Every structure is written in structure tokens, then in C-alpha cells.
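*Asks:* Please find one structure pasted underneath; my questions will follow.
What follows is calculated from the coordinates using simple rules that are stated; it is not laboratory data. Please read these numbers as outputs of a predicted model, since none were measured by experiment. Every residue, glycine as well, gets a Cβ built from its backbone with ideal geometry; the counts of neighbours run over all protein chains shown.
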Amino acid sequence: VRVAPPARARERELAERVVASFAGAPDDRLRHLLQALSRHLHAFLTEVRLTEAEWRAAIDFLTDVGHITDDRRQEFILLSDVLGASMQVITINDEAGDGATDSTVLGPFFLGDAPVIERGGDIAAGAPGEPCWYSGQVTDTRGTPVAGAEIEVWMADETGRYDVQYGDGRRAGRGRLFADEAGRYAFWALTPTPYPIPHDGPVGALLAASGRSPMRAAHLHFTVTAARHLPLTTHLFRRGDEFLASDSVFGVKDSLVTDIRHPPAGTPAPDGRDLAGATWSSARFDIVLAPG
Ligand SMILES: [Fe+2]
């Protein structure tokens with residue numbers, strides 16, 4: 001008479017067979033990834049004692065994530081973001097190391113076709129919000145200026161929307177410029193405002209069911225590239241913002257939190273621009289690139 005092994009032993013035996021099924025994958029890396037995935041997946045399933053109803057709900061959830069994803073909306077990246085997976089991959093692969101500006105998530109609103117502006121130009125291009133003057137210097141980790149570094153910036157307007165969400169094909173709140181011979185840059189944009197990640201889909205439902213906010217801490221996106229240096233993808237975060245500690249995609253790093261200063265009323269703009277009495281702010285954000 002054969003006695004059925006206890007349930008836990010059967011579970012372990014199944015997990016081991018799944019791991020072993022990938023042993024013949026000819027690519028070492030693929031074999032390593034699939035075997036580790038199998039081990040962790042089965043450890044999760046057995047640890048939480050997943051019910052069949054929960055398994056079906058998970059399949060339905062992932063199906064919904066796929067169905068809402070198209071050329072303009074990437075719900076899988078959003079899911080990766082709110083699970084902290086995007087930020088963890090960045091953290092694992094952060095080669096820049098000591099002295100370089102910290103990196104953070106790229107986010108879903110980078111387009112790569114931002115209009116080129118002159119130094120001192122305005123990227124707002126009609127996007128509503130309070131003007132903010134951004135300036136700084138791009139250097140390497142030894143403090144040497146990186147002349148001609150290419151800087152692309154993009155941001156949400158004061159209503160929390162990016163230009164791609166206007167739905168009319170306009171480009172606003174994004175621009176590309178080049179640092180001068182001393183690595184200096186400056187441009188007008190907007191004072192950053194917190195905004196929610198798209199939360200009308202399955203990822204939004206996940207956040208709501210968990211009592212989590214979809215809000216991102218107020219920020220301005222940067223990518224900075226220069227020959228012989230590692231490219232940098234980062235944000236400037238606004239000091240004092242109420243969502244710094246609860247950023248929905250875990251993107252905040254302390255080193256990126258920056259003062260946004262409001263000068264006394266009537267202070268002339270740094271470049272003499274006539275702001276018609278409107279309030280404005282300014283921020284200094286120096287950027288350090290790692291050798292590449
Ligand atoms: Fe953003």
C-alpha cells in the first residue's frame with residue numbers, strides 16, 4: 001500500500017520538478033531567471049496558501065491590465081511602478097555610484113521629441129502654472145564642467161496633466177537644451193505640482209483596494225546625456241511637498257529634494273523677463289554625471 005506523502009512534501013516536490021524542467025535551457029541567463037522565478041513563485045503560492053478564487057482573480061486582474069494597455073497607455077509599467085519593481089531595477093543597475101546625481105524612474109510621459117529651446121527659454125509653451133526659473137551646472141564627479149551636455153526636461157502642468165493628456169497633439173511642458181561651455185543651464189518652466197498616476201484602470205483599483213494614494217510627489221523630469229559620461233534619468237522633487245513620503249511609485253530620493261524659492265513680491269526675474277506682476281519661483285539643481 002502506497003501512502004500519499006504529506007501535502008507540504010507534495011508541494012515541495014512539484015516546485016522542484018518545475019525548477020528542474022528548465023534545467024536544459026541552453027542560455028545560462030534564461031535558465032537562471034526561469035528557475036529563480038519558479039522557486040519564488042512556488043514559495044509565494046505555498047506561503048500564502050493561495051485559494052482557487054484568488055488565483056482566478058489574479059488572472060482576471062492581469063488580463064484587465066493587458067486589455068487596457070495600448071500604444072498610449074502602458075498599464076504594465078504602471079503596475080511595475082506601484083509595486084516598486086521599476087525603482088528596484090533602477091536601484092540594482094545604478095552604476096553611477098559615488099558622487100553622481102541619483103537616478104529615478106523615467107515614467108510613462110517621456111516622448112524623446114521635446115522641442116529644442118535656447119538656454120533661458122521657456123518650456124511651458126502655454127501649459128498653465130506658476131513660472132519657475134531652473135538653473136544649475138552639469139559637472140563630472142571631479143567637478144569639471146560638462147560643456148554642451150544635453151538636457152531634456154518634462155513636467156505636468158498645474159492641473160496635474162502632461163501635454164500628451166491634452167489629447168490635441170500639442171507639445172507643452174517639455175523641452176531640450178544644451179549646457180554652455182561651463183556646463184551651465186537655465187530655463188523657465190513651471191513650479192511643480194503633485195499629480196495622480198492614471199488611476200481609472202486596474203492599477204488604480206488595486207491602489208484603491210489597498211487604501212493607497214495614486215499621488216506622485218511634485219517633480220520635474222530630467223534626462224541628461226553627454227559624450228563619455230553615463231546617461232542620467234532623474235527628477236527634481238519639491239522640498240516640503242506633502243507626498244514626498246508616500247510617492248506612489250517610490251521614486252523619491254532625499255538627494256533629489258530641492259528648494260523651490262519664492263522671492264519677495266516685486267523682485268525682478270533673474271533674466272529680466274516681464275512676468276506682468278505674476279508670482280514666480282526659482283530652483284537651483286546641479287547635476288553630476290558619472291564617467292562612462
Ligand atoms: Fe512625472
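*Asks:* Given H placed 1.01 Å from N in the peptide plane, which residues other than close sequence neighbours of residue 186 have an amide H under 5 Å from its amide H?
*Replies:* Answer set, sorted by chain and number: 120.
*Asks:* Given the options 65, 18, 224, which has the most mean-square fluctuation in a GNM of the chain, springs set between C-alpha atoms less than 10 angstrom apart?
*Replies:* 18
*Asks:* In addition: Check every DSSP H run in the chain and write down those whose alpha carbon atoms cover 20 angstrom or more along the long axis and whose mean Kyte-Doolittle hydropathy is 0.0 or greater.
*Replies:* Details: long enough: 7-21 (21 Å, -0.66); 28-48 (30 Å, -0.08); 52-68 (24 Å, 0.09).
For the chain, where a helix must reach 20 Å along its axis and average at least 0.0, the hits are 52-68.
*Asks:* Along each of the three principal axes of the Cα atoms of the chain, give the extent in whole Å, ordering the values from largest to smallest.
*Replies:* If we take the Cα atoms of the chain, the spans are 93, 40, 33 Å.
*Asks:* Return the loop-located trypsin sites (Lys or Arg not before Pro) in region 230-292 (DSSP other than H, G, I, E, B) with at most 15 other Cβ atoms within 10 Å of their own Cβ; answer none if there are none. Mind showing how you got there, number by number?
*Replies:* Working: sites: 238, 239, 253, 261, 273, 284; in loops: 239, 253, 273.
Loop-located and lightly packed - 239, 273.
*Asks:* Sum -39500 (n - 2.57) across every DSSP H segment of at least 4 residues in the chain, then divide by the residue count to get the 222 nm mean residue ellipticity, nearest 500. Before the final figure, lay out the partial values.
*Replies:* On the way: 6 runs with 77 residues, N = 292.
That calculation yields -8500 deg cm²/dmol at 222 nm.
*Asks:* With θ taken as phi - 60° and the coefficients 6.51, -1.76 and 1.60, list the Karplus ³J(HN,Hα) couplings across region 175-185 in order, rounded to whole Hz; mark glycine and proline as x.
*Replies:* x, 10, 8, 10, 5, 7, 4, 9, x, 7, 9
*Asks:* Next up: Would you look at the GNM of the chain, springs on alpha carbons closer than 10 Å, and say which of 25, 127, 43 moves the most?
*Replies:* 25
*Asks:* Give me the tail of P(r) for region 42-134 as a percent: Cα-Cα pairs with distance above 16 Å. Please report the intermediate quantities before stating the final value.
*Replies:* Numbers: 3224 of 4278 pairs.
The proportion of pairs with Cα distances above 16 Å equals 75 percent.
*Asks:* Using +1 at the C-beta of Lys and Arg and -1 at the C-beta of Asp and Glu, which of 275, 201, 262 has the Cα lying farthest in the positive direction of the dipole of the chain?
*Replies:* The listed residue farthest towards the positive side: 201.
*Asks:* In region 13-119, which GluC sites (Glu not before Pro) are in a loop and have at most 15 other Cβ atoms within 10 Å, using DSSP for the loop call?
*Replies:* On the way: sites: 13, 16, 47, 52, 54, 75, 95, 118; in loops: 95, 118.
Of the GluC sites (Glu not before Pro), the ones in loops of region 13-119 whose Cβ has at most 15 other Cβ atoms within 10 Å are 95, 118.
*Asks:* For region 14-134, give the magnitude of the charge dipole about the Cα centre (Cβ charges: +1 Lys/Arg, -1 Asp/Glu; no others), in debye to the nearest 20.
*Replies:* Values: 9 positive and 20 negative charges, 105 e Å.
About 500 debye.
*Asks:* Further question on the same structure: Please work out the Cα center distance from region 261-292 to region 117-162, rounded to the nearest Å.
*Replies:* Spelled out, the Cα-based centre of one part sits 10 Å from the other.
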